[in-house]
1. Only one of B:Trp197, B:Trp184 is aromatic (Phe, Trp, Tyr), open to solvent by 30 Å² or more (accessible area, probe 1.4 Å) and closer than 27 Å to A:Gly50 by Cα. Can you tell me which?
2. Could you list all residues from region A:93-108 that are more than 8 Å from chain B (Cβ to nearest Cβ) and either surrounded by 20 or more Cβ atoms within 10 Å (Cβ to Cβ) or touching a Pro at 6+ places or on another chain (Cβ under 6 Å) (or both)?
3. What number of residues within region A:44-67 are under 15 Å from B:Ser178 (Cα atoms) and open to solvent by 10 Å² or more (accessible area, probe 1.4 Å)?
4. Select from region A:91-134 the residues that are part of a helix (DSSP H, G or I), over 23 Å from B:Pro193 (Cα atoms) and under 32 Å from the mean Cα position of the chain (by Cα) and list them in ascending order.
5. May I ask you to say which residue of A:Arg273, A:Arg284 is touching a residue at least 12 places away in the same chain (Cβ under 8 Å) and open to solvent by 60 Å² or more (accessible area, probe 1.4 Å)?
6. Among the residues of region B:64-78, are any more than 18 Å from B:Met211 (Cβ to Cβ) and either assigned to a helix (DSSP H, G or I) or open to solvent by 80 Å² or more (accessible area, probe 1.4 Å) (or both)?
7. Mind checking whether some residue in region A:70-84 is buried (at least 17 other Cβ atoms within 10 Å of the Cβ) and more than 10 Å from chain B (Cβ to nearest Cβ)?
8. Which condition number does B:Ala210 fail, the rest of (1) in contact (Cβ under 8 Å) with a residue 60 or more places away in the chain; (2) away from every other protein chain (no Cβ under 14 Å); (3) open to solvent by 20 Å² or more (accessible area, probe 1.4 Å) being met?
Amino acid sequence: MSISVRQITKRFGSFLALDNVSLEAETGSLLALLGPSGCGKTTLLRIIAGLEMPDSGSVHHLDDEVTHRRARERNVGFVFQHFALFRHMTVFENVAFGLRVRHWSEDRIRQRVHDLLHLVRMEEIGWKYPSQLSGGQRQRVALIRALAPEPSVLLLDEPFSALDRKVRLELRGWLRRFHEELGVTSIFVTHDQEEAFDVADKVVIMNRGRIEQAGTPLEVFEHPANAFVLDFLGNVNVLNVRLQNGKAKLGEMEMDYPNYPHPETRDAAVYVRPHELRLDRFNRGGSSLEAKVVHVTPAGSVMKVRVRSDEFGLLLNVDLATSEFAELGLQPGDRVYVSPRQMRVFVPDYSI
Amino acid sequence: MSIRRTRQDPWYVRWLLTVLALVVLIVLVVVPLISVFFEALSGGIRAYWANLFEDPDTRHSILLTLAVAPTAVACNLLFGLAAAWCIARFQFPGRTLLITLIDTPFSVSPVVAGLLFVLLFGQQGYLGSWLRDHGIKVLFSPPGLVLATTFVTLPFVARELIPLMEAIGPDEELAAISLGANAWQVFWRVTLPNIRWGLLYGVILCNARAMGEFGAVSVVSGHITGQTDTMPLRVEKAFQEFNLPGSFAVASVLTLLAVGTLLLKVIVEHKARQQMEEAKRLAREAGTE
């Protein structure tokens with residue numbers, strides 16, 4: 001079932017948690033709400049679930065407006081950040097809860113719970129209590145508990161943040177497959193961009209109660225809408241340059257920037273991803289920056305090289321293909337010349 | 001820790017302290033307790049029985065206490081649950097004031113509390129004439145006793161529940177709602193099982209205090225023998241009338257009830273503490289991860 005959120009605004013006292021947010025999740029899609037803490041993503045999720053009421057705007061399931069429908073009438077499955085399993089109930093009873101309050105017959109309940117436990121390979125431990133389970137097991141119980149009443153939408157609030165890294169990676173892949181199998185429209189909240197890109201069909205990046213960009217992981221990664229998105233996606237070099245006459249300058253390094261033809265100078269930030277920088281042994285005439293190799297780390301198919309420009313006190317991360325790296329034969333301490341193959345300029349109206 | 005202590009301190013210090021503690025305990029607690037029963041039974045078991053159940057006034061006082069105390073406890077059970085739920089689950093203006101107000105019965109002298117009710121419901125009081133016109137009797141009758149007792153024992157249940165419910169947090173209740181439970185189902189299936197031991201503990205403390213309440217009840221009861229005398233009032237009155245065996249007989253029943261409460265308290269306290277620690281541990285886990 002598709003979900004759309006239209007022009008939602010929500011305040012907590014004087015704090016503007018959501019500022020005129022609109023969002024669309026198509027039927028069967030898996031959407032990630034991504035953003036730093038305090039950006040409003042969890043509030044938005046709770047509004048979709050009906051656990052929180054918006055000040056203005058509306059929530060729709062398919063074409064039904066459900067804004068004023070109570071949480072229990074929305075048929076939404078919600079997985080809480082810390083799982084919120086019922087501590088005094090066994091795993092079986094936790095999963096059965098949503099069915100019992102709907103007055104399913106005992107036989108159907110037993111069948112449904114058994115099927116779900118089987119799905120997550122936990123049939124053997126239905127009699128255990130939440131406190132006897134590992135983090136990963138609790139997570140899976142929370143998930144099947146939310147799914148038991150056959151919700152038309154599944155909402156997950158930071159579903160992996162309470163788990164250690166290894167379990168997290170395992171469960172990510174599992175959630176992806178699980179979603180493909182069941183096809184329930186799902187929205188999950190995360191502050192981890194890697195997680196969002198890894199799991200979701202569509203990523204919505206939020207900041208300070210607004211949506212900065214929405215798109216497929218590839219779209220967002222290839223065409224970040226603004227400096228915030230680029231910065232938030234991380235692993236990017238920032239060069240503070242001066243714009244003038246269609247050029248962006250940093251010391252000796254000059255890059256073309258035809259969007260700014262004016263003669264008066266202006267400060268701007270240039271964002272370059274590590275794989276978009278090139279290194280040379282020799283100066284290629286004016287458009288490169290002199291630097292020294294500080295550190296080299298092999299990382300699978302690329303070599304991560306860290307260089308420093310003493311002149312600007314600037315540390316840059318450069319990813320080189322291993323073949324390229326071998327050709328250059330770099331050692332820590334070597335002098336190199338850095339130049340961008342590609343760059344993005346953002347004239348500041350945004351500041352961190 | 002305790003093992004190391006006993007090894008470090010010289011034997012005479014240990015003995016001295018132990019003996020001192022025992023002497024204090026015996027003089028202040030054990031001897032008076034035993035003497036209550038000793039005095040009560042001094043005329044033999046038959047006389048004891050007669051003192052308790054053949055004197056209609058004493059019999060009435062026992063029944064009255066057994067009616068007033070549970071009623072007050074029931075009132076505070078409802079109030080405590082509502083107050084704790086409000087305070088632990090919502091932020092609202094006046095929240096801190098409410099917490100302070102719940103505590104006032106602890107700091108106000110019971111006699112003053114009783115006087116407040118007289119001021120409010122008495123013949124010359126603010127509501128006195130209205131009540132008289134409508135034929136409702138509060139002072140010098142059981143409703144007044146229940147009111148006074150409820151007031152004095154107001155904090156017990158709420159104070160026990162507020163920290164517990166805060167430690168447990170709202171997530172399980174929200175989960176239940178999102179799974180389709182209505183408010184009633186959330187309360188009976190999620191909230192209540194989570195707080196049951198803390199609640200029971202609060203009720204036991206509340207009940208102990210309610211049965212023994214003297215000051216406030218004394219002011220509002222009017223001391224009408226056979227009508228508004230509760231057990232503590234009966235003990236005093238019998239004592240004033242030089243009916244020592246009767247006085248001690250009632251006192252011994254109160255004492256028995258106290259000892260029974262104490263035993264129950266020990267059992268439930270352990271469970272309540274476990275529940276609280278479990279809640280805190282889970283909250284801590286959620287906080288650190």
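The values are calculated or read from the model by the stated rules, or taken from the named source; none is laboratory data. Predicted model, so just to flag it, every value in this text is computed and none were measured. We place every Cβ from the backbone using ideal geometry, glycine too, and count neighbours over all the protein chains shown. These area figures cover heavy atoms from the full protein model, side chains too; ligands, DNA and RNA do not enter into them. Shrake-Rupley method; radii C 1.70, N 1.55, O 1.52, S 1.80 Å.
1. Numbers: B:Trp197 fails: closer than 27 Å to A:Gly50 by Cα.
Only one candidate passes the filter, namely B:Trp184.
2. Within region A:93-108, A:Asn94, A:Val95, A:Ala96, A:Leu99 meet the criteria.
3. 5
4. Step one: filter region A:91-134 for residues part of a helix (DSSP H, G or I), giving A:91-100, A:106-119, A:123-125, A:130-132.
Add one more test, that the residue is over 23 Å from B:Pro193 (Cα atoms), and what stays is A:107-108, A:111-112, A:114-119, A:123-124.
Those that are part of a helix (DSSP H, G or I), over 23 Å from B:Pro193 (Cα atoms) and under 32 Å from the mean Cα position of the chain (by Cα): A:Asp115, A:Leu116, A:Leu117, A:His118, A:Leu119.
5. Working: A:Arg273 fails: open to solvent by 60 Å² or more (accessible area, probe 1.4 Å).
Testing whether each residue is touching a residue at least 12 places away in the same chain (Cβ under 8 Å) and open to solvent by 60 Å² or more (accessible area, probe 1.4 Å) leaves just A:Arg284.
6. First, pick out the residues of region B:64-78 that are more than 18 Å from B:Met211 (Cβ to Cβ): B:78.
Now drop any that are not either assigned to a helix (DSSP H, G or I) or open to solvent by 80 Å² or more (accessible area, probe 1.4 Å) (or both), which leaves B:78.
Checking region B:64-78: at least one residue is more than 18 Å from B:Met211 (Cβ to Cβ) and either assigned to a helix (DSSP H, G or I) or open to solvent by 80 Å² or more (accessible area, probe 1.4 Å) (or both).
7. no
8. (3)
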